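Asks: Take this structure first; my questions come after.
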Amino acid sequence: MFSVRNYRIYGLGLGGRFVSMHEVERDTDDQALAEARSLLPGGEFELWEQGRFVARVNLSRGASPRSA
């Protein structure tokens, strides 16, 4: 069983600057990534779980590099 984790989704604009922030609670990184993709379709974002970097995703390029 998973415990609920607190994530922050940072929308990125030109030059990689933060332009928005969303807080979500999800059980897994994959669920948080899916939520981020639905909140920022076609955009670029970083996903963090507290102080842990999870991923930087650029949906316009179709790439989603992840860090564990």
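A short reminder: the numbers here are calculations on the coordinates, not readings from a lab. Predicted model, so just to flag it, every value in this text is computed and none were measured. Here the Cβ is made from the backbone with ideal geometry for all residues, glycine too, and neighbour counts use every protein chain on show.
Asks: When only C-alpha pairs under 8 Å and at least 6 residues apart count, what is the relative contact order of the chain, in percent?
Replies: Contact order relative to length: 28 percent.
Asks: With a point put 7 Å past each Cα toward its Cβ, work out how far F53 is from L39 in nm, to one decimal.
Replies: Label-label distance for F53 and L39, simple model: 1.9 nm.
Asks: Assign unit charges at the C-beta atoms only (+1 for Lys and Arg, -1 for Asp and Glu), then state the dipole size of the chain relative to its Cα centre in Debye, rounded to the nearest 20.
Replies: 240 debye
Asks: Follow-up question, since we're still on this one. Within a Cβ distance under 12 Å of S20, other residues only, what is the Lys/Arg minus Asp/Glu net charge?
Replies: -1
Asks: Further question: Taking amide H atoms as placed 1.01 Å from N in the peptide plane, list the residues 5 or more away in sequence, or in a different chain, whose amide H sits under 5 Å from that of V54.
Replies: Amide H neighbours of V54: L47, W48, E49.
Asks: While we're on this one: Starting with the highest mean, order 29-42, 6-19 by the number of other Cβ atoms within 10 Å, averaged over the residues of each peptide.
Replies: So the order, starting with the most tightly packed, is 29-42, 6-19.
Asks: Right, something else. With semi-axes √(5λ) of the Cα gyration tensor in Å defined as stated, name the option among (i) 19, 12, 11; (ii) 27, 22, 12; (iii) 34, 10, 5 computed from the structure displayed.
Replies: Only one listed value fits the structure, namely (i).
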